[in-house]
Structures are given as C-alpha cells and as structure tokens.
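Participant: Structure in structure tokens, see below.
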Amino acid sequence: MNYEEALKYISDTYRFGSKLGLENIKKLTELLGNPQDKYKIIHIAGTNGKGSTSNMIHDVLVASGYKVGLFISPYLQEFTERIQINKNHIDKESLGRITALVKEKVEIMVKEGYNHPTEFEIVAAIGFKYFEEQNIDFLALEVGLGGRFDATNAISTSLVSVITSISYDHTEYLGDTLEKIAYEKAGIIKENNDVVIYPQEQNIIDVICEQAKLKNSRVHLTNKDNIQLLHTDIEGQTLTYLDKSIFNLESFNINLLGEHQIYNCLTVLKVLEVLKEKGFKITEESIKKGLFSCKFTGRFEIIQKDPIIILDGGHNINGVEYFSKAIKRYFKDKKIILFYGMLKDKKPENIVDYLIDISKEIYTLTPNNPRSISSTDLAELIKKKNSSIKVEALNSYEEMLPIIKNANKDECIACVGSLYMIGDIRSLLTNSNKTI
C-alpha cells in the first residue's frame with residue numbers, strides 16, 4: 001500500500017465501531033509475532049491529561065539518550081502524529097507497508113471466524129509493529145478509551161502504569177460513577193507492577209489501590225504539596241520540586257500552561273523516580289531539558305499573540321473546567337471571544353456554564369464528526385442557559401476569519417472543544433497563513 005491507500009483502509013474500518021474487549025487485538029498481535037512485548041512500556045490511562053503526561057515522559061526519556069516511541073490518540077492535524085519515535089512521526093512508506101501487513105493478518109482472522117478489528121485496534125497493531133521494527137528502548141503508550149478492555153492493553157507487561165486525572169467521560173462504556181470509571185482505568189495494572197496516580201479524590205485513589213493490591217503491585221502516590229509554582233505567564237511556568245529524595249530540582253520550566261499541567265508534571269516526576277529506582281539513566285539535567293522541550297499542540301496552545309489566539313481541546317466537563325481556570329489566570333483583563341464546538345456524547349449541556357462565565361460573546365461550530373452537535377443546536381442550548389450573552393451559530397470554520405480580523409488588543413480569541421474541530425481550525429489558521 002502507499003500512504004493514501006493505508007489511510008483509506010484505516011478510515012474504512014471506522015464502520016466496525018468501537019468494541020471493548022481484548023480477544024481481537026490479542027489475536028491480531030499474535031499473528032504479527034506479538035511485537036508489543038519487545039520493548040519497555042510506560043502505559044498511561046485516565047480521562048484527562050493522558051496526552052500531556054505521555055508527551056512529557058517521552059521527551060524526558062529522549063533527553064536521557066533513549067530511543068522512545070510515543071503512541072497517542074486522536075491526532076490533531078496529521079494521522080502520523082499518532083505513532084512517533086523521538087519526536088519524528090512514522091514515515092509514510094512504513095505506514096503503507098505495515099498497514100498492508102496488518103491487512104493480511106486481518107483477513108486471516110476473519111477467515112478463522114474472528115470479528116473484524118476496529119479502527120483503533122488496527123492503528124494500535126500498526127504502531128506496535130513499527131516500534132518493534134525500529135528497535136525502540138521505551139514506549140509511552142496512551143490508552144484510547146478506558147483501560148481494561150482497550151486495545152493498548154494487549155501488552156502483557158509494563159514498567160509503570162500511570163493513572164491520570166479521572167472524571168466523567170464515555171459513561172456509556174465505562175460506567176456512570178467515578179468509582180466505576182476508575183475501575184476500568186485501573187484495568188491496565190499488571191502483576192507485580194508499579195502504579196503512579198495523579199493527585200485526585202480519595203474515592204478514586206481507593207479503587208485504583210484496591211486493584212493494584214489484587215495484582216500485587218506497588219502504588220506511588222503523588223502529593224500536590226511536593227510541587228510549587230514559582231512563576232507563570234503566557235510564556236510558560238517555572239516550578240520547583242520539593243521532594244529531594246531522588247532528584248534535586250530546585251527550579252525548572254515547562255511550556256505547558258494551566259494549573260492542571262503542574263500536576264501532570266508532578267505525576268511525570270513520580271514516574272521518572274520509579275524508572276530511576278529501576279536503574280535507568282535519568283538525570284536532573286535530562287529532566288529539565290525534556291520538560292522544557294515538551295510542547296503539545298492544541299492544549300491551551302497560544303498560536304498568535306496579536307490578537308491572542310488560543311486553541312484548546314477541552315472536550316469534556318473536566319477539560320473545559322481546566323480551560324476556564326487557565327483563561328481566568330492568564331487573560332483575566334481580556335474580553336473573550338469564544339469559538340466552541342462539541343460532540344453530543346460529551347454532554348455539552350453540563351459544560352456551557354463554564355464557558356458563559358468567561359465569554360463576552362460565543363460563536364458555535366459543528367466539528368467534522370458524525371457524533372457532533374450542530375452549531376445551531378449548540379447555540380440554542382447556550383441561549384437557554386443565558387439569554388443575555390451574544391451567541392451566533394456559524395456554518396463553517398472560514399466564517400471565523402473576519403471575526404478574528406476585527407478583534408482588538410483588549411480581546412482574546414479562544415477556541416475550545418472537540419479535538420476534531422481544534423485540529424481543523426489549527427490547519428486553517430496556521431497552514432494557510434490566515435492568521436491575522
């Protein structure tokens with residue numbers, strides 16, 4: 001296959017839906033020679049913060065001199081973002097060749113009576129095989145959905161299981177309480193594993209700890225008091241790590257903005273402590289270098305400063321709450337012109353209050369996804385919540401451009417919602433040089 005044929009094949013498998021379970025992916029990886037068992041894995045599950053945490057771990061290990069794979073989902077602008085090594089995306093030739101190989105194995109599976117793998121299972125299999133071919137040292141492996149039955153959980157073991165911030169999302173699959181969701185996320189924990197948990201509510205921690213105990217795994221808790229913010233502005237954040245037991249990090253910088261990124265960073269530091277104790281070469285210098293180099297597009301990303309334009313893939317209630325807090329911290333003196341689009345299953349009716357609270361005016365958009373709520377319906381929903389705020393439904397992303405062009409220095413353009421939408425907007429504003 002060439003690159004375009006590979007993308008079409010992968011895209012066409014979307015019709016097989018999302019089926020939680022490991023039978024299919026384990027059969028597919030078995031036919032590929034179980035490539036996922038050929039390298040050391042840090043497995044990251046959670047509702048929010050998985051991508052940021054995965055990227056920070058990846059970048060520090062790269063700065064430590066290792067060859068490191070990164071598997072994330074979804075992608076923002078280009079499919080190859082999902083499969084990376086040392087910040088380089090999978091090349092198009094390799095993607096085409098490995099997709100063809102995976103297709104052959106899928107055909108064998110179907111003939112043997114197995115269900116056709118889902119899109120995510122196929123992408124995971126492609127990533128696993130590519131990382132094996134490239135002989136990586138580590139893989140920062142981000143879970144797609146849940147954990148227990150996620151395709152990434154085809155791995156038989158991992159160095160560390162990481163559980164990031166947990167909130168309500170995908171409740172139709174994962175359960176309608178935080179405890180049920182935590183149980184599904186904790187399904188990535190392996191026998192005799194090490195488990196690092198983002199600082200969060202005790203009821204969530206208790207569920208994860210219970211599952212870790214059943215697997216004879218060691219839990220490493222994070223303490224918010226161990227990290228301190230020294231300075232923050234739109235250029236980044238300066239932090240100090242107060243736990244000196246393994247690393248001495250008096251002052252270091254991260255580019256990722258928002259209070260939640262401080263605690264994602266705290267979680268990463270605990271992971272690095274575990275890896276250091278296992279004998280891997282990680283120094284204070286490589287930590288500082290890796291964290292400073294880490295950038296994650298579409299996550300409270302300031303792509304322009306005059307006027308200020310922010311892109312944020314806050315696509316559920318927890319993510320939008322983080323976004324709202326960051327807006328208040330960094331742009332409290334600005335009038336916020338908000339562009340907003342969501343998927344129906346993210347319960348936008350529970351989210352809009354956070355956005356009404358910070359916005360001068362709101363323009364709604366329809367993300368390019370069949371699960372989207374239309375811009376018209378979203379605008380009506382906002383008007384029912386608050387009839388006094390200016391709300392307008394847009395028919396296309398291009399209709400944003402004259403609004404942005406007319407913004408003045410006292411205003412801030414903020415785009416928040418579905419990553420499908422944020423990726424398209426980022427392409428519109430950056431790749432076509434249409435920023436104002």
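Participant: Can you spot a residue in segment 238-261 that is surrounded by 14 or more Cβ atoms within 10 Å (Cβ to Cβ), of a type in the set (Ser, Thr, Tyr) and part of a strand (DSSP E or B)?
Facilitator: Yes, some residue in segment 238-261 is surrounded by 14 or more Cβ atoms within 10 Å (Cβ to Cβ), of a type in the set (Ser, Thr, Tyr) and part of a strand (DSSP E or B).
Participant: Within segment 128-168, which residues are part of a helix (DSSP H, G or I) and over 28 Å from Glu201 (Cα atoms)?
Facilitator: Hits for segment 128-168 are Phe128, Lys129, Tyr130, Phe131, Glu132, Glu133, Ala154.
Participant: Considering each of Gln237, Gln261, Gln211, Gln228 in turn, give the residue that is touching a Ser or Thr at 6+ places or on another chain (Cβ under 7 Å) and touching a residue at least 24 places away in the same chain (Cβ under 8 Å).
Facilitator: None of the others qualify; the one that does is Gln261.
Participant: Which of the residues belonging to segment 278-308 are within 17 Å of the chain's Cα centre (by Cα) and not in a loop (DSSP other than H, G, I, E, B)?
Facilitator: Leu291, Glu301
Participant: Return yes when Ile136 is closer than 25 Å to Lys103 by Cβ and surrounded by 23 or more Cβ atoms within 10 Å (Cβ to Cβ) and no when it is not.
Facilitator: no
Participant: So, in segment 203-236, of the ones that are β-branched (Val, Ile, Thr) and in a loop (DSSP other than H, G, I, E, B), which residue ends up surrounded by the most Cβ atoms within 10 Å (Cβ to Cβ)?
Facilitator: Thr222
Participant: Pairs under 6 Å by beta carbon, first residue among the acidic types (Asp, Glu) in segment 240-252, partner not in a loop (DSSP other than H, G, I, E, B), six or more apart or different chains?
Facilitator: That search, which allows pairs on different chains as well, returns Asp243/Asn226; Glu250/Thr240.
This table checks each residue for (1) in contact (Cβ under 8 Å) with a residue 60 or more places away in the chain; (2) in contact with a Lys or Arg (Cβ under 6 Å, 6 or more places away or on another chain); (3) of a type outside the set (Lys, Arg).
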site	(1), (2), (3)
Asn2	yes, no, yes
Asn24	yes, no, yes
Ala45	yes, yes, yes
Asn55	yes, no, yes
Lys67	yes, no, no
Leu70	yes, no, yes
Pro74	yes, no, yes
Arg82	no, no, no
Ile85	no, no, yes
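Participant: Now for a separate question. Return the only residue of Asn24, Asn55 being out of contact with any Pro (no Cβ under 9 Å at 6 or more places or on another chain) and either within 19 Å of Phe128 (Cα to Cα) or not in a helix (DSSP H, G or I) (or both).
Facilitator: From the options Asn24, Asn55, the qualifying one is Asn55.
Participant: Further question: Picking from Tyr75, Tyr14, Tyr9, which residue would you name as being part of a loop (DSSP other than H, G, I, E, B) and not β-branched (Val, Ile, Thr)?
Facilitator: Just a single option satisfies the conditions, and that option is Tyr75.
Participant: Same structure again: So, in segment 313-361, of the ones that are among the polar types (S, T, N, Q) and not in a loop (DSSP other than H, G, I, E, B), which residue ends up modelled with the highest pLDDT?
Facilitator: Ser324
Participant: Any idea which of (1) within 18 Å of the chain's Cα centre (by Cα); (2) surrounded by fewer than 22 Cβ atoms within 10 Å (Cβ to Cβ); (3) polar (S, T, N, Q); (4) under 19 Å from Phe120 (Cβ atoms) is the one Asn88 doesn't satisfy?
Facilitator: It fails just one condition, (4).
Participant: Separate question: What is the number of the single condition among (1) of a type in the set (D, E, K, R); (2) touching a residue at least 12 places away in the same chain (Cβ under 8 Å); (3) surrounded by fewer than 24 Cβ atoms within 10 Å (Cβ to Cβ) that Lys111 does not meet?
Facilitator: (2)
Participant: Are any of the residues in segment 115-136 touching a helix residue (DSSP H, G or I) at 6+ places or on another chain (Cβ under 9 Å) and without any contact (Cβ under 8 Å) to a residue 24 or more places away in the chain?
Facilitator: no
Participant: Check Gly279 against each of (1) on the phi > 0 side of the Ramachandran plot; (2) small (Gly, Ala, Ser); (3) surrounded by 16 or more Cβ atoms within 10 Å (Cβ to Cβ) and name the one condition it does not meet.
Facilitator: Every listed condition holds for Gly279 apart from (3).
Participant: Being under 22 Å from Ser293 (Cα atoms) and of a type in the set (Lys, Arg) is true for just one of Arg82, Arg148, Arg97. Which residue is that?
Facilitator: Result: Arg82 is the single residue among Arg82, Arg148, Arg97 that is under 22 Å from Ser293 (Cα atoms) and of a type in the set (Lys, Arg).
Participant: I want to confirm something. Restricting to segment 92-108 and keeping residues that are more than 13 Å from Thr29 (Cα to Cα) and of a type in the set (A, V, I, L, M), which single residue is surrounded by the most Cβ atoms within 10 Å (Cβ to Cβ)?
Facilitator: Of everything passing the filter in segment 92-108, Leu95 is surrounded by the most Cβ atoms within 10 Å (Cβ to Cβ).
Participant: Please work out if Asp176 is in a loop (DSSP other than H, G, I, E, B), buried (at least 16 other Cβ atoms within 10 Å of the Cβ) and acidic (Asp, Glu).
Facilitator: Spelling it out, it is not the case that Asp176 is in a loop (DSSP other than H, G, I, E, B), buried (at least 16 other Cβ atoms within 10 Å of the Cβ) and acidic (Asp, Glu).
Participant: When the residues of segment 187-196 are filtered to those that are among the hydrophobic types (A, V, I, L, M, F, W, C) and in contact (Cβ under 8 Å) with a residue 60 or more places away in the chain, which remaining residue is nearest to Val143 (Cα to Cα)?
Facilitator: Ile188
Participant: Separate question: Scan segment 2-17 for residues that are buried (at least 16 other Cβ atoms within 10 Å of the Cβ) and either polar (S, T, N, Q) or under 16 Å from Ala124 (Cα atoms) (or both) and jot them down.
Facilitator: Matches in segment 2-17: Ala6, Leu7, Tyr9, Ile10, Thr13, Phe16.
Participant: Hey, among the residues in segment 378-422 that are of a type in the set (Ser, Thr, Tyr) and surrounded by 15 or more Cβ atoms within 10 Å (Cβ to Cβ), which one's nearest to Asp312 (Cα to Cα)?
Facilitator: Per the stated criteria, the residue is Ser418.
The values are calculated or read from the model by the stated rules, or taken from the named source; none is laboratory data. The structure presented is a predicted model; accordingly, all values stated were derived computationally and were not measured. Methodologically, a virtual Cβ is constructed for each residue, glycine included, from the backbone with ideal geometry; neighbour enumeration extends over all protein chains shown.
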